[in-house]
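Asker: Please see the structure below; I have some questions.
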Amino acid sequence: MKLTFIVLGMLLAYMSTRAIAANCPSADQLSPSNKSVRELIGKAENFNSVEDFVSALPNEMRSNFVMMADSRSFQAGNRENPRVIMASTDGSVRVTFGTDPNARGFNNIEISIWNPEKGEFEYKEVAYKEENGKMHGDENPRACQTCHGKPPKPNWDTYNYWSGAVPFNKDKLIRGSEEANWYLGYLDRIEKKVLRMPALML
């Protein structure tokens, strides 16, 4: 019985990966952000902080983001200090960072980037290293594989409900709701340039 569940789990993971691949862009359809992010990862040591790296990302990504008030990732997020997920418009690359200096993963940037030649997402991490005060890139770290599997794939609920996201249902905020107030607070922090939020664009 145990072996049956293991085989079934492997089959479902394979089918899920194939389904994702069928909906991802081909090499000639990729957003320019895909190449730009790869180049930035290769130059990670030129950056001195998470803020520096994020500020160098394409405008397409810095203006296309989701706030996570609850995160199942290594990067923590909460209502006051959300995890931020930025994405290219074609979904081929995602870059994330945390905004709570007291939470795990605050000095790390997590990246998923589509490789059309392999037909799968590659997971990368750019982390701040105290010993030299520089950022450092890491390819497919084990921590990513633990949550995203092998081959890795995005962990994201199907539309129209996204657990932990603000807004979490149908991309809608209800005027006067607690959730709407959280989001207005996030926008205020972007405008007032509070802790990493200035890296985002409204």
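Asker: Among the listed residues PHE53, PHE47, PHE65, PHE74, which satisfies the condition of being more than 15 Å from the chain's Cα centre (by Cα), within 29 Å of HIS136 (Cβ to Cβ), modelled with pLDDT of 65 or more and among the aromatic types (Phe, Trp, Tyr)?
Answerer: Unique residue meeting the criteria: PHE47.
Asker: Follow-up question, since we're still on this one. Say we look at region 94-131 and pick out the residues that are closer than 15 Å to ASP52 by Cα and of a type in the set (Gly, Ala, Ser); which of these is surrounded by the most Cβ atoms within 10 Å (Cβ to Cβ)?
Answerer: Only one residue tops the list, namely GLY98.
Asker: How about region 164-200: which of its residues are closer than 18 Å to ALA87 by Cβ, among the aliphatic types (A, V, I, L, M) and part of a loop (DSSP other than H, G, I, E, B)?
Answerer: Within region 164-200, LEU200 is the sole residue that qualifies.
Asker: For LYS153, are the conditions met, namely being in contact with a helix residue (DSSP H, G or I) (Cβ under 7 Å, 6 or more places away or on another chain) and either outside any loop (DSSP other than H, G, I, E, B) or of a type in the set (D, E, K, R) (or both)? Quick ask: steps written out before the conclusion?
Answerer: Numbers: in contact with a helix residue (DSSP H, G or I) (Cβ under 7 Å, 6 or more places away or on another chain): yes; either outside any loop (DSSP other than H, G, I, E, B) or of a type in the set (D, E, K, R) (or both): yes.
So LYS153 fits the description; yes.
Asker: Quick one: MET135 ticks every box in (1) of a type in the set (A, V, I, L, M, F, W, C); (2) surrounded by fewer than 17 Cβ atoms within 10 Å (Cβ to Cβ); (3) in contact (Cβ under 8 Å) with a residue 24 or more places away in the chain except a single one, so which number is it?
Answerer: So the condition that MET135 fails would be (2).
Asker: Just give me the residues in region 82-119 being in a strand (DSSP E or B) and among the charged types (D, E, K, R), in sequence order.
Answerer: Taking region 82-119 and keeping what is in a strand (DSSP E or B), we get 83-87, 93-97, 108-115.
Result: ARG83, ARG94, GLU110.
Asker: Looking only at residues that are crowded, with 21+ Cβ neighbours inside 10 Å and not hydroxyl-bearing (Ser, Thr, Tyr) in region 82-93, which one is farthest from GLU179 (Cα to Cα)?
Answerer: This residue is VAL93.
Asker: If you go through region 37-44 one residue at a time, do you hit one that is touching a Pro at 6+ places or on another chain (Cβ under 8 Å), part of a helix (DSSP H, G or I), under 29 Å from LEU195 (Cβ atoms) and at pLDDT 90 or above?
Answerer: We begin by selecting, within region 37-44, every residue touching a Pro at 6+ places or on another chain (Cβ under 8 Å); these are 37.
Right, trim to part of a helix (DSSP H, G or I) and you get 37.
Retained after the next criterion (residues that are under 29 Å from LEU195 (Cβ atoms)): 37.
From what is left, the residues that are at pLDDT 90 or above are 37.
Scanning region 37-44, I find at least one residue that is touching a Pro at 6+ places or on another chain (Cβ under 8 Å), part of a helix (DSSP H, G or I), under 29 Å from LEU195 (Cβ atoms) and at pLDDT 90 or above, so the answer is yes.
Asker: Quick one: is PHE53 within 14 Å of SER36 (Cα to Cα), among the hydrophobic types (A, V, I, L, M, F, W, C) and crowded, with 21+ Cβ neighbours inside 10 Å? Don't jump to the end; show me each part of the working.
Answerer: Details: within 14 Å of SER36 (Cα to Cα): yes; among the hydrophobic types (A, V, I, L, M, F, W, C): yes; crowded, with 21+ Cβ neighbours inside 10 Å: yes.
Yes.
Asker: A further question on this structure: Among the residues of region 47-76, write down those that are without any contact (Cβ under 8 Å) to a residue 40 or more places away in the chain and not in a loop (DSSP other than H, G, I, E, B).
Answerer: GLU60, MET61
Asker: Any chance region 178-188 includes a residue that's at pLDDT 80 or above, touching a strand residue (DSSP E or B) at 6+ places or on another chain (Cβ under 7 Å), under 24 Å from ALA56 (Cα atoms) and of a type in the set (Asp, Glu)?
Answerer: No; the residues of region 178-188 include none that is at pLDDT 80 or above, touching a strand residue (DSSP E or B) at 6+ places or on another chain (Cβ under 7 Å), under 24 Å from ALA56 (Cα atoms) and of a type in the set (Asp, Glu).
The values are calculated or read from the model by the stated rules, or taken from the named source; none is laboratory data. For clarity, every value in this text was computed on a predicted model and none was experimentally measured. Positions of Cβ are backbone-derived with ideal geometry, glycine not excepted, and every protein chain shown enters the neighbour counts.
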